[in-house]
């Protein structure tokens, strides 16, 4: 990783040094392309950036980022740049004055309602309280058709309204479909094959990815300030697609977050990595980083998350009218032969980190194939 300096210019100008931009920078540099990666923030890593706070606790300034994937290709690719610490994320939800496992599982229901059901009985219980929905369209439909109205109200409605500023009945089914319901006692938040955290943090992993003589980095820089006087052949854009086009059709809605970080004079604050608060307080959840990183320290740092409509774009809002607006921008993007749009913001998708990596790797392959002479087949390069 070097400071930007190339008298010949660059083959690729990459806008954004998060997962999408860093993966493509590394892949393109590995095949001899000269890459300039630009980010308006003062650091690499995008929202996955981590750092040590004043107490010496490793924190995620933009909220907890938990890596998990079912893709061996994605895991193997990232393993070139980091060792891993096995970590299975666990979440509790504060409901009716109790802390119960989330996602909803056998223990959740038994604890909440004072029951002693087994797994098969829980299936029957869910069937007895579920509300028939002719066609599942919304996030509310997803939940009430599986576990009924009471669990929906206790766990999903309030949390979703805080997180998205909308009732679940106004949101696409994909939002609550991300959170499964289980009949077992499995209290892991994710069930992916690969669940681990970068041993020395995400920033160290990104530094290793960008440590290549063909990669130059400019931070604290808006790409629009340099795109006209630094020569480049092809742009890879990972920012909000509507911003690229000057919001010509209007702004795509995003939800943002405000973070309140606290360092506490105690070794541990809560029993698990994250506690959700679906019905109380203005914040949605509290996360304690030492659970996630495995760091040993006599103090601990936590973060409170407050959803907001203003601020940096984090989550595309999944509603049909927003998808239609995105299609207008995507149609314009397809007309550009020298710009490629990659990542959560550039493709207006609610992607996890591993999905962004997979998309970037697939984009690299397409770029390679587009440059290959006719009749030449390229091997998958990881």
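The values are calculated or read from the model by the stated rules, or taken from the named source; none is laboratory data. What you see is a predicted model; the values in this text were computed from it and never measured. Neighbour counts are summed over all protein chains in view; Cβ atoms, including those assigned to glycine, are modelled from backbone coordinates with ideal geometry.
Some observations on this one:
- Scope segment 34-62; condition over 22 Å from the mean Cα position of the chain (by Cα), surrounded by fewer than 21 Cβ atoms within 10 Å (Cβ to Cβ) and within 17 Å of residue 13 (Cβ to Cβ); matching residues: 34
- Among the residues listed as 95, 129, 109, the single one being more than 25 Å from residue 319 (Cβ to Cβ), modelled with pLDDT of 95 or more and not assigned by TED's automatic domain parsing to the domain that holds residue 169: 95
- Screening residue 288 on (1) in contact (Cβ under 8 Å) with a residue 40 or more places away in the chain; (2) under 19 Å from the mean Cα position of the chain (by Cα) shows it passes everything except condition (1).
- Where a residue in segment 222-233 is at negative phi and assigned by TED's automatic domain parsing to the domain that holds residue 36 and its partner, wherever it lies, is surrounded by 12 or more Cβ atoms within 10 Å (Cβ to Cβ) and part of a loop (DSSP other than H, G, I, E, B), with Cβ under 8 Å and at least six apart: 222/40; 223/40; 230/4; 230/9; 231/9; 232/9; 233/9
- Only listed residue being assigned to a loop (DSSP other than H, G, I, E, B) and at pLDDT below 95, chosen from 377, 369: 377
- Filter pass, residue 185 being part of a loop (DSSP other than H, G, I, E, B) and either closer than 24 Å to residue 88 by Cα or not assigned by TED's automatic domain parsing to the domain that holds residue 350 (or both): yes
- Of everything listed in (1) loosely packed, with under 15 Cβ neighbours inside 10 Å; (2) at pLDDT below 95; (3) touching a strand residue (DSSP E or B) at 6+ places or on another chain (Cβ under 6 Å), the single unmet condition for residue 264 is (2).
- Filter pass, residue 72 being surrounded by fewer than 19 Cβ atoms within 10 Å (Cβ to Cβ) and in the same structural domain as residue 218 (by TED's automatic domain parsing): no
- Scanning segment 292-322 for residues that are surrounded by 14 or more Cβ atoms within 10 Å (Cβ to Cβ), outside any loop (DSSP other than H, G, I, E, B) and in contact (Cβ under 8 Å) with a residue 60 or more places away in the chain turns up 292, 293, 300, 301, 303, 305, 307, 315, 316, 322.
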